[in-house]
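Colleague: So that we are looking at the same thing, I have put the structure below in structure tokens.
Bear in mind these aren't lab numbers, they're just calculated from the coordinates by the rules spelled out. Bear in mind that the values here come from a model prediction, so they are computed numbers and not experimental data. Note: ideal-geometry Cβ built from the backbone for every residue, glycine included; neighbour counts use all protein chains shown.
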Amino acid sequence: MKASHRPAPVILLVEDEAGIRRFVRAALEAEGCTVREAGSLERSRMELANRRPDLLMLDLGLPDGDGLALLTELRQWSGMPVLVLSARSDEADKVGALDAGADDYLAKPFGVGELLARVRALLRRAMRPPQAASRIVFGEVAVDLDQRTVTRAGQPVHLTPIEYRLLGLLIAAGGRTVTQRQLLAGAWGPNHVEHAHYLRVYMAGLRRKLESDPRLPAHILTEPGVGYRLVLEALNDARRPGSE
Amino acid sequence: MTPDPKRPPGWLDYAKAALAVIAIALVGAPLLGQFDLANIAMLFPLAVLFAAIRLGRGPAVFAAFLSVALFDFFFVHPHFTLAVSDLQYLLTFAVLLAVALTTAELAARLRRERDSAEARGEEAARAQLAVESERLRSTLLASLSHDLRTPLTALAGLAEALPLAGPPLPAAQAELAEAIRAEALRTHALARDLLDLARLQSEAPHLALDWIAADELVGSAVKSRAHTLRTHTVTLELADELPLLRADAVLMERVLCNLLDNAVAHTPAGGQITIAARATPTTAPATAPAWLEIEVCDNGCGLPPGREQAIFERFVRGAEPRLADAPDRAVESTRVRATGDEGTGLGLALVRAVIEAHGGSIGARNRPSGGAAFTLRMPLPAQPEPPPPEAPTLSASRNT
């Protein structure tokens, strides 16, 4: 990727609130990034066309339109990482952004630490060569993607085909939240995207088989109102600092 | 005056109808001899028409009969008796009566339709007004929400970015910057809670309903409060195979988080917090469960006796926060400062608003063994079709 032969990754920050732009810029520049700013859709279209950034940070509510429209356009010609900034309680916005191709979202108000962690993770993913690891380990569980086998503490674990597909979707997302819709479409097909209760049943099954305490899962986490994500390294603190 | 369509005509209306008929008779009297009797008879339906339009159906029918009677009495020979010398007048009476009654019926029907059209119009106007004011309310809330929260987000972020803009801050200044950030976050949380409360108390609050597994809900709430709960022991007592709830996942998680925050705030470090969930039948154990009960218990200082319901109320009225009179209030404010986010004092009011918006109920009580118990009851809907069973194939065989 571009970023690998550039001295500093370029981040386009699309946000209409000057105060937010200012502190995000300060944080990103302290991290060694080059920051371009845009306060409107029109300006961000120009920026995107002129100097392909390595990452787009996108606020959804802009004075001249909806950030989602920009995201949908962008996804027709670019797979650049997109981090969406959204108001904390607007889960529908987050889901819409993820379904439209956003890589991750950050709920306002967010802290500098959380912001930088997300940006680093997205840039790392974008720069990593496309070949994926064939063996994934979390907790006591090891998943061999080539052999399609799952073991827990060395013992083979039996997953049903759908359970395996769901686990595969979570692994492929690399720690990001996968929306309910994406999981339902991936595991059962596009006709089942409204059957959220299927996920309740199957996620409970996966947790029983893979989590050491299924009631307090450390790896297969629920993002209420949004979807699920797989965390490889168990956090012993809050699920996502700052996101309720 | 047009009478109230819902009020049956009174004696006064009948008297007015009679007066109308007498007036017509008086108008007709001087014409006797100059006009044909049949033409004079044509005057009487005017009185009936008046009665039907202004007084209602009953007085109109009364006027119709009275017209025939007066016409016969004063105008038809022999005068001043009801006797009839010429039988052809019986036809005049019949026609007069038929015209008068038909007029009465038609006019009365017209009046009813006009009244109901007016009522419909008023109702439509009221409905329109309600829609408008609800729309105004939600637009106002949305823009307030944005205008209050955006600068607070910026303020918290700017305070945190302060050290990044130059050389590292001296400890005292760093502490002040951190205090600014914490206060901004706290104000943000307060604005959020206030606006959410207002939104939930609107006539038809918007809920993003979804199927929710209670154990999953409890798990994610405990996980998101792991930092706050680290000083306490948390025990989960979740029944197996809990039925699914139909609720707004985000709001329900807020409910549990607020109850957990409340429990932590009023239970000394090292205390015990228990979260239990079970389905309860309404009557006989044989019937399907109708409620899902989730209970958050602690072994802390308990609730002020006799105020078990008031704790949900007082916040709404904006009175002093709960337990303002309790000695450990200071503990809570320290905690608020430490986490910089939660504890706006609206937590329990919000809990109740969310649960009630879902058709559920919440209660609080002191446990006999000490500490408080908050029990929320959520109505259980008919459960959805379970996912189709899977045929064991491919990866299953690999996995065994």
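Colleague: Could you compute the FRET efficiency for residue B:356 and residue A:125, with r as their C-beta to C-beta distance and R0 at 45 Å, rounded to 0.05?
Modeller: Values: r = 44 Å, r/R0 = 0.97.
E(calc), rounded to 0.05, equals 0.55.
Colleague: On a 0 to 90° scale, report how tilted helix A:41-50 is relative to the longest principal axis of chain A, with both axes built from alpha carbons and the result rounded to the nearest 10.
Modeller: The angle comes out at about 90 degrees.
Colleague: Oh, and also: Work out the charge dipole of the range B:1-206 with +1 on the Cβ of Lys and Arg and -1 on the Cβ of Asp and Glu about the Cα centre, then indicate which of B:180, B:66, B:154 is farthest towards its positive end.
Modeller: B:66
Colleague: In the range B:135-220, if every C-alpha pair distance is counted and binned at 5 Å from zero, what percent goes to each bin?
Modeller: P(r) over the range B:135-220, rounded to whole percents: 3, 12, 15, 14, 13, 13, 12, 8, 6, 3, 0.
Colleague: Here is a further query. So what is the 222 nm mean residue ellipticity for chain B from helices alone, if each DSSP H run of at least 4 adds -39500 (n - 2.57) and you divide by all residues, rounding to the nearest 500 deg cm²/dmol?
Modeller: On the way: 13 runs with 217 residues, N = 400.
After summing the helix terms and dividing by the residues of chain B, the value is -18000 deg cm²/dmol.
Colleague: Follow-up question, since we're still on this one. I need the P(r) histogram for the range A:2-127: all alpha carbon pairs, bin width 10 Å from 0 out to the longest distance, whole percents.
Modeller: 13, 51, 34, 2
Colleague: Where nothing but the Cβ of Lys and Arg (+1) and of Asp and Glu (-1) is charged, how large is the charge dipole of the protein assembly as shown around its Cα centre, in debye to the nearest 20?
Modeller: Working: 69 positive and 75 negative charges, 185 e Å.
The dipole of the protein assembly as shown has a size of about 880 debye.
Colleague: On to the next question. As I understand it, the dipole of chain B uses +1 on the Cβ of Lys and Arg and -1 on the Cβ of Asp and Glu, about the Cα centre. Which of B:355, B:145, B:102 lies farthest toward its positive end?
Modeller: The listed residue farthest towards the positive side: B:102.
Colleague: Based on the Cβ-Cβ distance of residue A:134 and residue B:391, what FRET efficiency does E = 1/(1 + (r/R0)^6) give at R0 = 35 Å, to the nearest 0.05?
Modeller: On the way: r = 27 Å, r/R0 = 0.77.
My answer for the efficiency is 0.80.
Colleague: A further question on this structure: Work the Kirkwood hydrodynamic radius out for the range A:135-230: mean of 1/r over every pair of different alpha-carbon atoms, inverted, in Å. The partial results should precede the final answer.
Modeller: Values: mean 1/r = 0.0747 Å⁻¹.
Across the range A:135-230, the inverse of the average 1/r is 13.4 Å.
Colleague: Taking the Cα atoms of the protein assembly as shown, what is the range of coordinates along each of the three principal axes, in descending order and whole Å?
Modeller: 122, 68, 63
Colleague: Hey, got the dipole for the range A:135-230? About the Cα centre, +1 on K and R Cβ, -1 on D and E Cβ, debye to the nearest 20?
Modeller: Details: 12 positive and 8 negative charges, 14 e Å.
That gives a dipole near 60 debye.
Colleague: For the Cα atoms of chain B, what angle does the longest principal axis make with the long axis of helix B:88-161, in degrees from 0 to 90, nearest 10?
Modeller: That works out to roughly 20 degrees.
Colleague: Mind checking the alpha-carbon convex hull of chain B and giving the volume per residue in Å³? Write out the running numbers ahead of the final one.
Modeller: On the way: hull volume 140.0 nm³, N = 400.
Per residue, the Cα convex hull of chain B comes to 350 Å³.
Colleague: Taking the protein assembly as shown, how many lysine pairs are there with alpha carbons less than 23 Å apart, if each pair must be eight or more places apart or span two chains? Please report the intermediate quantities before stating the final value.
Modeller: Working: A:94/A:108; A:94/B:223; A:108/B:223; A:209/B:223; B:6/B:16.
Summing the qualifying lysine pairs gives 5.
Colleague: Quick one: putting +1 on the C-beta of Lys and Arg, -1 on the C-beta of Asp and Glu, what dipole do you get for chain A around its Cα centre, in Debye to the nearest 20?
Modeller: On the way: 33 positive and 31 negative charges, 147 e Å.
Around 700 debye, computed over chain A.
Colleague: While we're here: Using only Cα atoms, find the angle between the long axis of helix B:329-339 and the longest principal axis of chain B, and express it within 0 to 90 degrees, rounded to the nearest 10.
Modeller: 80 degrees
Colleague: Moving on. Just the ratio, please: alpha-carbon radius of gyration of chain A over 2.2 N^0.38 Å, N its number of residues. The partial results should precede the final answer.
Modeller: Details: Rg = 18.7 Å, N = 244, 2.2 N^0.38 = 17.8 Å.
Output field value: 1.05.
Colleague: Beyond 21 Å, what percent of the Cα pairs of the range B:1-206 remain? List each step's numbers first, then the result.
Modeller: Values: 14738 of 21115 pairs.
The calculated P(r) of the range B:1-206 puts 70 percent of pairs beyond 21 Å.
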